[in-house]
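For reference, the structure discussed in these notes is given below.
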Amino acid sequence: MLEIQNLVKTFDGERKKRRAGKEQSTNGDANARVFAVNNVSFDVKPGDLFTLLGPSGCGKSTTLRSIAGLEKPDAGVVSVGGKVLFAAGGDAQRKVNVPANKRGLGMVFQSYAIWPHMSVFENVAFPLRVRSRRQRPGKREITERVERVLETMELLQYADRHATKLSGGQQQRLALARAIVIEPPLLLLDEPLSNLDAKLRESLRFELKRLQRELGITSIYVTHDQIEALSLSSTIAVMRAGEVVQLGKPRDIYENPQNKFVAEFIGTSNFIDGTVKARNGDRYVVETHEGRLTLDAGIDVPPGTEVVVSIRPEAVLLTTERPGDSANVWEGNVTNRAFLGDAVDHVVSVGKLEIRARCLPHISHAPGTTVYMEMDPAKLALVPVD
Ligand SMILES: Nc1ncnc2c1ncn2[C@@H]1O[C@H](COP(=O)(O)OP(=O)(O)O)[C@@H](O)[C@H]1O
Ligand SMILES: [Mg+2]
């Protein structure tokens, strides 16, 4: 559906350097350029909700804006539904750059960007009305389509209201309505929920997921919020400094982070330093300062390699009685506990380590209690040291 090949986008370096005088600007400005997007490639299947996830400044918006035609990449190819929208050209390759307003894509940004002088109805009708005469639907069809979209977004009752008289959440739903009324082949969403308060964000998140599934619109979603990404996406690309560092299904990324950056960025994890002691197929034994750990990992790491073992707090089970013949059982001492409503967080000290364990709400161990931590080999991940 959407294909991105070797996308590169650079910007001029800091203004400081440019202001610094002529000598600076003559000696190779290549050093001064910022690689906002550095050789990014991915494919998005029809109906997918594909998320670009990463910290601020990692190049998510620049990637999205390049798809939209709002940035001109330095290199690469962008195509939607087999049609090339952008190609930088070179080596027997034709240059292509379809202007943004001819790409026919739907976009929703963080700022609602609704038209304040128009009613709710007119806001949604506008993208249809401004089409060329040949492509413009008839009056009745416009009304039908606008009303249908407003109904889906639960805004029909406000159709005649001034757009500015809507709440923040309603305005963002309006922005979404306006983007989908043109029935775009691809919907681009850049942090559309981040200006809303926590409660509204959560309800709109569910709303968005339902809508996306019902309408089956292929969507690219940009966010720095890992919870949002995990709960919404069919596929996540984790970005760091202009590059995609891991791409996969949410569960896969959560359970098998391929490097420490991803493990740290996607929720909290415990990290235990160690050295690979033995390997038999996918089964590894890792020697750590606090004891041995057995785990399964589908990656290729020879014995003797320094590694980090990562385990999620909810995968650490706590009991006060020593479990039977289980592979990874460590004894520790509870040093801290916090009740979170739907879970109880514990901090358990084991030698020099502090391990976080998240338990079901009915399991709660007071500080000072000796506990046994049980760690399922399937839930430990091997992370290369980087
Ligand atoms: N118009 C611009 N001019 C100069 N630098 C820019 C511009 N837009 C983005 N950048 C830089 O490119 C990098 C990626 O930015 P961006 O794509 O906005 O990141 P994100 O959306 O992940 O927060 C950052 O270092 C940012 O400062
Ligand atoms: Mg951004």
*asked:* Looking at the range 238-263, I want the residues that are among the acidic types (D, E) and have a partner that is in a helix (DSSP H, G or I) with Cβ atoms under 8 Å, at least 6 apart or on another chain. Which pairs are those?
replied: E255/K379
*Does the range 189-209 hold any residues that are within 16 Å of ligand 1 (Cβ to nearest atom) and modelled with pLDDT under 80, and which are they?*
N195
*Can you tell me how many residues in the range 346-386 are in a loop (DSSP other than H, G, I, E, B), buried (at least 19 other Cβ atoms within 10 Å of the Cβ) and within 25 Å of the chain's Cα centre (by Cα)?*
1
*Would it be correct to say that L128 is more than 16 Å from ligand 2 (Cβ to nearest atom), closer than 15 Å to L186 by Cβ, buried (at least 16 other Cβ atoms within 10 Å of the Cβ) and among the aliphatic types (A, V, I, L, M)?*
no
*Filter the range 160-187 for residues that are among the charged types (D, E, K, R) and surrounded by 22 or more Cβ atoms within 10 Å (Cβ to Cβ) and give the result.*
R173, R178
*asked:* Looking only at residues that are without any contact (Cβ under 8 Å) to a residue 60 or more places away in the chain and assigned to a loop (DSSP other than H, G, I, E, B) in the range 267-288, which one is surrounded by the most Cβ atoms within 10 Å (Cβ to Cβ)?
replied: S269
*buried (at least 18 other Cβ atoms within 10 Å of the Cβ) and either acidic (D, E) or away from ligand 2 (no atom under 16 Å from the Cβ) (or both) - does that describe any residue in the range 237-244?*
no
*Working only within the range 74-115, note down all residues that are of a type in the set (A, V, I, L, M, F, W, C), outside any strand (DSSP E or B) and modelled with pLDDT under 95.*
A88, A92, A100, L105, F109, A113, I114, W115
*asked:* Out of everything in the range 51-66 that is near ligand 1 (Cβ under 6 Å from one of its atoms) and assigned to a helix (DSSP H, G or I), what residue ends up being surrounded by the fewest Cβ atoms within 10 Å (Cβ to Cβ)?
replied: S61
*Looking at Q93, Q110, Q135, which is the one that is among the polar types (S, T, N, Q) and more than 30 Å from N6 (Cα to Cα)?*
Q135
*Given the range 158-232, what helices (runs of 4 or more DSSP H) lie entirely inside it while holding 3 or more residues that are of a type in the set (A, V, I, L, M, F, W, C) and over 29 Å from T268 (Cβ atoms)?*
168-180
*asked:* Tell me whether the range 212-222 contains one or more residues that are away from ligand 2 (no atom under 16 Å from the Cβ), more than 27 Å from K83 (Cβ to Cβ), surrounded by fewer than 21 Cβ atoms within 10 Å (Cβ to Cβ) and without any contact (Cβ under 8 Å) to a residue 24 or more places away in the chain.
replied: no
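The values are calculated or read from the model by the stated rules, or taken from the named source; none is laboratory data. Keep in mind the model is a prediction, meaning the values are calculated, not measured. All Cβ positions, even for glycine, are placed from backbone atoms using ideal geometry, and neighbour counts span all protein chains on display.
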